[in-house]
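Student: The structure that follows is given in the form of structure tokens.
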Amino acid sequence: MEEVSHVVKDFSSEQLEKLKLAMAKLQETVEVPGPEEVVEELPQEEEESILTRGTYLRVTEDEMEAWLYLMPPEPDITYEKSDLIDYLARHGVVEGLHQSNLSAMIKKRVYNREILVARGREIQDGADGYFEYLFTPEEYGVPKIREDGSVDYTNMSALQNVKAGQKVAVYHQAIQSIDGCTVLGTVMKGQLYRDLPPMRGKGIRREDEVYYAQNDGKIEVKDGKIDIQNVHEISGDVDLIIGKVEFFGDIIIYGNVEEGVTIRAGRNIEIHGSTSLANLYAGGDIILSRGIQGGNKSKVSARGSVFAEFIEHTTVEAGGSVQANIFMNSNIYAKEKVIATGKKGMIIGGYIDAIKGVEAANVGNDVELRTVIHCGYEPQTHERLLQIKRKETDIKTKIAELVDSMTGALREKRLRGSSTSEETEKKLAEWNKLKDQYFVELDDVDKDRASLEDLIEQSKGAEIKIDGNIYRGVVICINAEQMMIERNTMFMKYNANRGAIEGSVIVHN
């Protein structure tokens, strides 16, 4: 107060009057809030701590750890564990206190170094609900590798049989995560995990979370559904006397299939004997344990994959892959891969076409039998795609022109109402039909374009890998490019790069 009064005495009476006027004007222009209008309180002075100056607390950037650096106490002062806890609380550290470390710092007088005093709680992950299958949901057993390196397909089976009343699956409910928390008390929310709807399928019944087979048959998982189907089995040979075998499910033949026979299955076909001059069609996969000798008359078609001991003089089409030990003078078309399996896996003669790639140990032979290996999309695919895009543009142009014509006619109809000319009404009817026709054509073109674009996309990364001999005269084709092997070579891998086929040596470690 003495300093203030001293400052005030230094003002003249005239200056004091001017100061009073200025203060009065300032009060008129500035509203001073009442006690109830105060939004923020002045920060309260932090309570004094007995901890010696230089003590500090470090919280990591992710707020998951807190480290305390404790200075020795002043003379005649003793630290208590509660002093440390109070200090942490005043600095916001309230969760995950490391009680044993805090006790040790007091008991052992741990000073002048950082000690972990709090650790946050990490989120504990849960898990979505899931079905546990009490059988092996894989489609096939594993083929046996013979001593000579070839693959034995006779032990493969697409069947997994169950009996009525057998437990086939158990559902495990979702486990929710546990929230985490930082040392400053910030809650970290865990992920929400979901339960699956009850399983649907054929031939199963449910009791609580357990599923049982309702009948004997073959069990399979497709698109998350259990399916138990009956199987048609033939223990003997199938010849011209039987002629044709058709069944909506699986067909298993333990004998031979002879010339002139046609077999159609809604699902899979297994033939454990030899197959000659027969036609096979399957909605699933085909397994030929003893191979097929087609005499350039047989056709094998599967929406799934084809597995065989050997394939000779046969046309094969597969929506999946085609695998055999030997391909001889056959035409093979696969939407995935063609694989000549085993150490002696051979492709001799014929035409091999696989979208995703071809693998073999040996291709061609010394007499230079014409052998063509192709992977990726066909040479004409790009031209077809361009044609389709041009057609698509043409149809869209026609639709736009038609819409303009119809707009004018409809405007006339709105103006004239019932007095619209008969000719205009006739044109509108014709244009409506034509419009519908154009849209149907456009939809078909869009589907064709999408199919070709998908084919080109699937072809990316396609390669031909030959892990053995490649004989002179073999033709290698990838997408629209092709090259002929001019001399015998070995261990090569071929890829397409910028419109050209590149070969590289396979290195064996």
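The values are calculated or read from the model by the stated rules, or taken from the named source; none is laboratory data. No experiment lies behind these values; they were computed from the predicted model shown. Cβ coordinates were reconstructed from backbone atoms using ideal geometry, including for glycine residues, and neighbour counts include every protein chain displayed. Please note that ligands, DNA and RNA were not included when accessible areas were found on the heavy atoms of the full protein model with its side chains. Shrake-Rupley method; radii C 1.70, N 1.55, O 1.52, S 1.80 Å.
Student: Long-range amide H contacts for Glu309: which residues qualify at under 5 Å (H placed 1.01 Å from N, peptide plane, sequence gap of 5 or more or a different chain)?
Tutor: Here the answer is Leu288, Arg290, Gly291, since their amide H atoms fall under 5 Å of that of Glu309.
Student: If you don't mind, there's one more thing I want to ask. Return the sequence-ordered ³J(HN,Hα) values of region 270-287 in whole Hz as given by the Karplus equation 6.51 cos²θ - 1.76 cosθ + 1.60 applied to θ = phi - 60°, using x for Gly and Pro.
Tutor: These are the phi-based 3J(HN,Hα) values: 10, 10, 8, x, 7, 10, 9, 6, 10, 10, 10, 9, 9, x, x, 10, 10, 10 Hz.
Student: Something else now. Set the Förster radius R0 to 25 Å, insert the Cβ-Cβ distance between Leu134 and Arg303 as r into 1/(1 + (r/R0)^6), and round the FRET efficiency to 0.05.
Tutor: 0.35
Student: Which of the residue pairs Lys163/Lys356; Lys222/Lys299; Lys244/Lys343; Lys222/Lys465 have a Cα-Cα distance greater than 29 Å in the structure shown?
Tutor: Among Lys163/Lys356; Lys222/Lys299; Lys244/Lys343; Lys222/Lys465, the Cα-Cα distance tops 29 Å for Lys163/Lys356; Lys244/Lys343; Lys222/Lys465.
Student: Hey, any idea what % of the chain's accessible area is carbon plus sulfur with a 1.4 Å probe?
Tutor: 49 percent
Student: Once Lys and Arg get +1 and Asp and Glu get -1 on their Cβ, which of Val367, Tyr56, Ile388 lies farthest toward the positive end of the dipole of the chain?
Tutor: Value: Val367.
Student: Run the numbers for Lys81 and Val367: contour at 0.36 nm per residue of separation, minus the present Cα-Cα distance, in nm.
Tutor: 93.7 nm
Student: Using Cα pairs under 8 angstrom and six or more residues apart, how large is the relative contact order of the chain, in percent?
Tutor: 7 percent
Student: If you take the charge dipole of the chain about its Cα centre, with +1 on Lys and Arg Cβ and -1 on Asp and Glu Cβ, which of Tyr351, Asn296, Ile115 is farthest toward its positive end?
Tutor: With unit charges placed on the Cβ atoms, the residue in question is Asn296.
Student: For region 56-67, just list the computed ³J(HN,Hα) in residue order, Karplus coefficients 6.51, -1.76 and 1.60, θ = phi - 60°, integers in Hz, with x standing in for Gly and Pro.
Tutor: 8, 10, 10, 9, 5, 4, 7, 6, 9, 9, 10, 10
Student: Same structure, new question: Whole number please: convex hull volume per residue of the Cα set in the chain, in Å³? Kindly include the intermediate steps, with their values, before the conclusion.
Tutor: Numbers: hull volume 247.0 nm³, N = 509.
With only Cα atoms used, the chain gives 485 Å³ per residue.
Student: Would you mind getting the accessible area per residue of region 293-420, heavy atoms of the protein chains only, 1.4 Å probe, in Å²? Walk me through the intermediate numbers first.
Tutor: On the way: 6230 Å² over 128 residues.
Result: 49 Å² of accessible area for each residue.
Student: Another question about this same structure. Quick one: grab the alpha carbon gyration tensor of region 196-265, order the square roots of its eigenvalues as a ≥ b ≥ c, and give me rounded if a/c is under 1.5, else prolate or oblate depending on whether a/b is larger than b/c.
Tutor: Note, shape of region 196-265 comes out prolate.
Student: Sticking with this structure for a sec: Compute from the Cα atoms of region 216-304 the Rg and the Dmax, the latter being the longest Cα-Cα distance, and quote both in angstrom.
Tutor: 12.9, 41
Student: Given charges of +1 on the Cβ of Lys and Arg and -1 on the Cβ of Asp and Glu, with all other atoms neutral, how large is the dipole of region 242-359 about its Cα centre, in debye to the nearest 20?
Tutor: Computed about the Cα centre, the dipole is about 160 debye.
Student: Determine the gain in length on full extension of the stretch Tyr254-Leu434; use 0.36 nm per residue of separation and subtract their C-alpha separation, reporting nm with one decimal. Provide the component values of the computation, followed by the final result.
Tutor: Numbers: separation 180, 0.36 × 180 = 64.80 nm, distance 5.76 nm.
Result for the pair: 59.0 nm of gain on full extension.
Student: Stretched out fully, how many nm does the piece from Arg58 to Tyr111 gain, at 0.36 nm a residue minus the Cα gap? Don't jump to the answer; show the numbers that get you there.
Tutor: Details: separation 53, 0.36 × 53 = 19.08 nm, distance 1.50 nm.
Length gained between Arg58 and Tyr111: 17.6 nm.
Student: Enumerate by residue number the GluC sites (Glu not before Pro) in region 460-501 meeting two conditions: DSSP loop (anything except H, G, I, E, B), and at most 14 other Cβ atoms within 10 Å of the site's Cβ.
Tutor: Glu486
Student: Let me ask something else about it. Top to bottom by accessible area (1.4 Å), largest first, where do Lys108, Lys335 land?
Tutor: These residues rank, largest area first, as Lys108, Lys335.
Student: To the nearest 20 debye, what charge dipole does the chain have about its Cα centre, counting +1 at the Cβ of each Lys and Arg and -1 at the Cβ of each Asp and Glu?
Tutor: Taking the Cα centre of the chain as origin, the dipole is about 2460 debye.
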